[in-house]
Each structure stands twice: as structure tokens, then as C-alpha cells.
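Student: Questions regarding the structure given below will be posed in turn.
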Amino acid sequence: MIGIPGMGQTVLINHGTFYTVYSKLAKVNVAKGSKVSMKQSIGTVLTDDEGNTHIHFEIWKVGANGQPFKVNPEQWVAQ
């Protein structure tokens, strides 16, 4: 868990060659080094002063050259 200004609390999960990033969290339910299971709650989404609640989600892949790049999460999110 890390704090990023303007993004609330952030959780970064390592999935081997992929990483997922969850920002704009008010509360985090996991600790650094924790093993996270599918569908496990990792935290609570932040509600801002205007009453808006939304999460910032990213997927990153580490390429063959060792450099990470963003992946479009649309095809990864369950409909």
C-alpha cells in the first residue's frame, strides 16, 4: 500500500509478468507482502467531498526487454 497525492491510498498487486494498480482507496484491507486471492476485498473505494465514488484501475505488463507498459484493462474486466 502506498499513498499518492490526490489518489488516496493505492495497492499494487504483482501477478508475475503483470501488475494491477488500484488507486483512490479510502481504506486498504491487505498488507505489503500479502497473498491476495481472486475476488478478495483489497479495500474500500474513496468518496470525495462532492460525493463522487470511483476507483482508478491500471494493468501493466513487463515486456521481454524488462520494461513495463500499460495494458488496456477493458478486455480484462468482467462484464
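Student: Surrounded by 10 or more Cβ atoms within 10 Å (Cβ to Cβ), within 13 Å of the chain's Cα centre (by Cα) and of a type in the set (A, V, I, L, M): is that true of VAL62 in this structure?
Tutor: Against the criterion (surrounded by 10 or more Cβ atoms within 10 Å (Cβ to Cβ), within 13 Å of the chain's Cα centre (by Cα) and of a type in the set (A, V, I, L, M)), VAL62 does not qualify.
Student: For region 36-79, what are the residues that are of a type in the set (D, E, K, R) and within 12 Å of PHE18 (Cα to Cα)?
Tutor: Of everything in region 36-79, those that are of a type in the set (D, E, K, R) and within 12 Å of PHE18 (Cα to Cα) turn out to be GLU58, LYS61, LYS70.
Student: Identify, please: which residue in region 7-39 is of a type in the set (D, E, K, R) and surrounded by 11 or more Cβ atoms within 10 Å (Cβ to Cβ) and is, among those, nearest to HIS54 (Cα to Cα)? It would help to see each step written out before you state the result.
Tutor: Initial filter on region 7-39 (of a type in the set (D, E, K, R)): 24, 27, 32, 35, 39.
Then drop every residue that is not surrounded by 11 or more Cβ atoms within 10 Å (Cβ to Cβ), which leaves 24, 27.
Numbers: LYS24: 7, LYS27: 13 Å.
Looking at the filtered set, the residue picked out is LYS24.
Student: If I go through region 55-79 residue by residue, how many of them are in contact with a Phe, Trp or Tyr (Cβ under 7 Å, 6 or more places away or on another chain) and more than 20 Å from THR10 (Cα to Cα)?
Tutor: 1
Student: Go through region 2-26 and count every residue that is modelled with pLDDT under 80 and over 14 Å from PHE57 (Cα atoms). Even if it seems obvious, please write down each step before you answer.
Tutor: Narrowing region 2-26 to residues modelled with pLDDT under 80: 2-7.
From what is left, the residues that are over 14 Å from PHE57 (Cα atoms) are 2-3, 5-6.
Counting residues in region 2-26 that are modelled with pLDDT under 80 and over 14 Å from PHE57 (Cα atoms) gives 4.
Student: Kindly provide the set of residues from region 47-79 that are among the hydrophobic types (A, V, I, L, M, F, W, C) and modelled with pLDDT of 90 or more, ordered by number.
Tutor: ILE55, PHE57, ILE59, TRP60, VAL62, ALA64, PHE69, VAL71
The values are calculated or read from the model by the stated rules, or taken from the named source; none is laboratory data. Quantities reported herein were computed from a predicted structural model and do not represent experimental measurements. Note: ideal-geometry Cβ built from the backbone for every residue, glycine included; neighbour counts use all protein chains shown.
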